[in-house]
Structures are given as C-alpha cells and as structure tokens.
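J.: Can you keep this structure in mind? I'll have questions shortly.
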Amino acid sequence: MIEELRKKAEGLLRSNTVSVVYGYGEGSTPERTRPLFITKPEDAHKLTWNKYCVYNLTTYLKRQETRKLGKPAVIVKGVMQRLLSFLLRRARLSVKTYIFLVSPVMV
C-alpha cells in the first residue's frame with residue numbers, strides 16, 4: 001500500500017504533473033507522523049502511511065506558504081472524501097487544479 005503511494009507520488013513529480021506532494025512523514029516517535037511536502041521525486045521514499053496519519057492535509061491547500069510550492073497532489077484518507085468535496089465547494093477550489101491520492105483506511 002505505501003509502496004504504491006510512493007511510486008505514484010514519484011511518478012507525478014518526475015512527469016511534472018505536480019510540483020509538490022502533500023503527505024505524511026515519520027514523526028519524532030513511532031506513534032507520531034507529521035505533514036510532509038515532497039518536491040523531489042527521489043524523496044518519495046520519505047512518505048509513510050499508518051494508523052497515526054490523522055492530519056487533514058487538505059487544510060494546506062489555502063495556505064499561502066504551501067501554495068507557493070506549486071500544483072499539489074494531496075494524500076487523503078478514503079473517509080475524508082466527503083469533507084474534501086465540501087472543502088472544495090466552500091473554498092471555491094477547482095478539482096482540476098489538484099490531484100488527490102486516496103489511501104485506504106487503516107485501523
């Protein structure tokens with residue numbers, strides 16, 4: 001599962017389809033993760049996916065400092081799809097502007 005996400009992220013960055021991938025990286029302890037912004041294909045191996053990936057990365061779509069990174073691909077949980085569609089409508093963001101990599105839910 002994580003290898004598929006890493007390969008997809010690497011491919012999107014290599015092909016210049018996106019400029020940045022918003023994902024999860026290892027935190028300060030094994031029970032923690034942190035938001036990770038990958039801009040180089042060779043850094044895709046830093047992405048992680050486990051039950052501690054709880055942050056809603058779509059909140060970074062409207063932040064000025066992350067928008068400067070360019071067109072993003074965002075890793076979202078399958079259960080956040082409804083929230084994602086609400087956020088896109090409310091913020092008046094175009095789905096065509098972003099790529100979303102949906103991950104299965106981990107228990």
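J.: Only one residue in LEU69, LEU101 is modelled with pLDDT of 85 or more and not in a helix (DSSP H, G or I), so which one is that?
T.: Only one candidate passes the filter, namely LEU69.
J.: Same structure again: Pick from the range 24-41 the residues that are among the β-branched types (Val, Ile, Thr) and part of a loop (DSSP other than H, G, I, E, B): which of them is modelled with the highest pLDDT?
T.: The qualifying residue modelled with the highest pLDDT is THR39.
J.: Which residues, taken from the range 1-15, are in a helix (DSSP H, G or I), surrounded by fewer than 21 Cβ atoms within 10 Å (Cβ to Cβ) and more than 12 Å from the chain's Cα centre (by Cα)?
T.: Hits for the range 1-15 are ILE2, GLU3, GLU4, LYS7, GLU10, GLY11, ARG14.
J.: With respect to THR59, is the statement that it is modelled with pLDDT of 90 or more and of a type in the set (S, T, N, Q) true?
T.: no
J.: Which ones in the range 16-47 are over 11 Å from the mean Cα position of the chain (by Cα), among the β-branched types (Val, Ile, Thr) and surrounded by 17 or more Cβ atoms within 10 Å (Cβ to Cβ)?
T.: Scanning the range 16-47 gives VAL18, THR33.
J.: Search the range 49-65 for residues that are touching a residue at least 40 places away in the same chain (Cβ under 8 Å) and pair each with any residue that is in a helix (DSSP H, G or I) when their beta-carbon atoms are under 7 Å apart and the residues are at least 6 apart or on different chains.
T.: Correct list of pairs: TRP49/ILE2; TRP49/LEU5.
The values are calculated or read from the model by the stated rules, or taken from the named source; none is laboratory data. Since the model is a prediction, treat every value here as computed from it, not as a measurement. A quick note on method: Cβ atoms are made from the backbone with ideal geometry, for glycine too, and the neighbour counts reach across all protein chains shown.
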